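The values are calculated or read from the model by the stated rules, or taken from the named source; none is laboratory data. All of these numbers come straight from a predicted model, not from anything done at the bench. Glycine gets a Cβ as well: all are built from the backbone with ideal geometry, and neighbour counts include every protein chain shown. To get the accessible areas, we keep the full protein, side chains included, count just its heavy atoms, and leave off ligands, DNA and RNA. Shrake-Rupley method; radii C 1.70, N 1.55, O 1.52, S 1.80 Å.
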Amino acid sequence: MTRNDVTVWAPASLSNLGPGFDCLGVAITDFGDRISARRQVGSAVTWNWHEDSSWSAPVPPEDNTAYVAARSMLQRLGSNVGIHLEIRKQGRAGSGLGSSAASSVAAAFAVAALHGREAETDAIREAALDGEEATSGARHGDNVLPSLYGGFILAQSDNLERTRRIECPVPLHLAVVLPAMDVHTREARGLLPREVPLGAAVRHASLLGLLVNAIRSGNITDMGMLVMSDEIVEPRRATLVEPYADIRLAAREAGALGVALSGSGPALFAICPTASSAQDVALAMTKACAARHVDSMARATSVDPQGARVEAEPGHGGHPTW
Ligand code: HSE
């Protein structure tokens, strides 16, 4: 079914999850991007920040990740229709919560949905990766794929035919804190070693395997321990997030089973034993930031199993409100 306008929600995501650098991520609830797309006369793609956006930085029009993804999607569909995008960001770029991926996925999905082709998820994935690459300088799928498909996703970043969903049999209680500072993924990637010693690579592979097993078996104690086990990437990036050590300590003292950076940060997430402990941990993490005179936003969240979806259509419930 082709449409004249559509509104799409794409969830934000936690990526890396400790030893899963560039290959493991999970979609989360309550954070994400909402993009409304409508056909317009001509063949231009235009966009603006919706007034409800929590973030709306001045970006050259053609550098916007949603714009890049929408253009790429049109090309992949062989279409030259004009489209206007209205972008409502609930997160912000440079957060570590897969905000640019959520924008890219929402834009590509919305363009596909206008053409009645939202089932073409391989094309949507590639268009969204074009948007992600324009922002982060790398074509990693650990944010784009969870945002598109929902749930935990494990993928080989240089061969996305090998993308697998990992089912977790228990509900996961998470807390996320976003300190008010920017970490640019490009810069954070620049800190990483080009080569790692064989022993470290072997240990890393074992830890990732064990983490995947913990997710599949719903062993949240192991999950918590294993998300804290990365010795290659996270220690180098921790230096970019000034309250990192305090947040980790506060979360653990409040009952978290494990705490780690999400993506390149500055956001951190914690795995918690219950929904109420996730609230306690979120509060403890934001207090740890305040003690360091860093503003922050913290929230309890959980896994979004669904991924990107058409959210509202005219005549079918109207447009959503925040
Ligand atoms: N896997 C990517 C990285 C995610 O850690 O650089 C970026 O948020």
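Candidates in region 70-123 are the residues that are hydroxyl-bearing (Ser, Thr, Tyr) and modelled with pLDDT under 95; of these, the one that is farthest from THR29 (Cα to Cα) is THR121. In region 113-133, the condition of being free of Cβ contacts under 8 Å to residues at least 60 places away in the same chain, within 15 Å of the ligand (Cβ to nearest atom) and more than 13 Å from the chain's Cα centre (by Cα) is met by at least one residue. Does region 154-161 contain at least one residue that is over 19 Å from the mean Cα position of the chain (by Cα) and away from the ligand (no atom under 15 Å from the Cβ)? The answer is yes; a qualifying residue exists. Determine if region 189-206 includes at least one residue that is away from the ligand (no atom under 16 Å from the Cβ) and closer than 20 Å to PHE152 by Cα. The answer is yes, given that some residue of region 189-206 is away from the ligand (no atom under 16 Å from the Cβ) and closer than 20 Å to PHE152 by Cα. The strands (runs of 3 or more DSSP E) falling completely within region 105-194 that include 3 or more residues that are out of contact with any Leu (no Cβ under 6 Å at 6 or more places or on another chain) and either surrounded by fewer than 21 Cβ atoms within 10 Å (Cβ to Cβ) or among the aliphatic types (A, V, I, L, M) (or both) map to 159-166, 173-179. What residue, among those in region 1-17 that are open to solvent by less than 40 Å² (accessible area, probe 1.4 Å) and over 14 Å from the mean Cα position of the chain (by Cα), is farthest from SER147 (Cα to Cα)? The qualifying residue farthest from SER147 (Cα to Cα) is ARG3. Reported count of residues in region 253-270, each being over 11 Å from ALA282 (Cα atoms) and open to solvent by 30 Å² or more (accessible area, probe 1.4 Å), is 2. With respect to GLU234, determine if the residue is within 14 Å of the ligand (Cβ to nearest atom), within 29 Å of ASP30 (Cβ to Cβ), touching a residue at least 12 places away in the same chain (Cβ under 8 Å) and open to solvent by 60 Å² or more (accessible area, probe 1.4 Å). No: the conditions fail for GLU234. Can you find a residue that is assigned to a helix (DSSP H, G or I) and closer than 26 Å to ALA102 by Cα anywhere in region 254-268? Within region 254-268 (the criterion being assigned to a helix (DSSP H, G or I) and closer than 26 Å to ALA102 by Cα), the answer is no, since none of the residues qualifies. Counting only residues that are part of a helix (DSSP H, G or I) and either at positive phi or touching a residue at least 60 places away in the same chain (Cβ under 8 Å) (or both), region 73-99 holds 1 of them. In the set (1) at pLDDT 95 or above; (2) in contact with a Lys or Arg (Cβ under 7 Å, 6 or more places away or on another chain), ASP33 fails one condition alone, (1). Taking residues in region 14-26 that are within 14 Å of CYS168 (Cα to Cα) and at pLDDT 95 or above, and partners anywhere that are more than 8 Å from the ligand (Cβ to nearest atom) and assigned to a strand (DSSP E or B), the pairs with Cβ atoms closer than 7 Å and at least 6 places apart or on different chains are LEU24/LEU154; GLY25/SER13; GLY25/LEU14; GLY25/ILE153; VAL26/SER13; VAL26/LEU14; VAL26/PHE152; VAL26/VAL303.
Among the residues of region 167-184, is any within 11 Å of the ligand (Cβ to nearest atom) and of a type outside the set (D, E, K, R)? Within region 167-184, one or more residues are within 11 Å of the ligand (Cβ to nearest atom) and of a type outside the set (D, E, K, R). The set of residues in region 18-49 that are away from the ligand (no atom under 16 Å from the Cβ), surrounded by fewer than 22 Cβ atoms within 10 Å (Cβ to Cβ) and either closer than 30 Å to ALA260 by Cβ or under 20 Å from the mean Cα position of the chain (by Cα) (or both) comprises THR29, ASP30, SER36, TRP49. Considering GLY209, GLY199, GLY218, GLY263, the condition of being on the phi > 0 side of the Ramachandran plot, out of contact with any helix residue (DSSP H, G or I) (no Cβ under 6 Å at 6 or more places or on another chain), of a type outside the set (Ser, Thr, Tyr) and free of Cβ contacts under 8 Å to residues at least 60 places away in the same chain is satisfied by GLY218 alone.
Out of (1) over 27 Å from PRO273 (Cβ atoms); (2) more than 16 Å from the ligand (Cβ to nearest atom); (3) among the charged types (D, E, K, R), what's the single condition that is false for ARG216? So ARG216 meets the others, but not (1).
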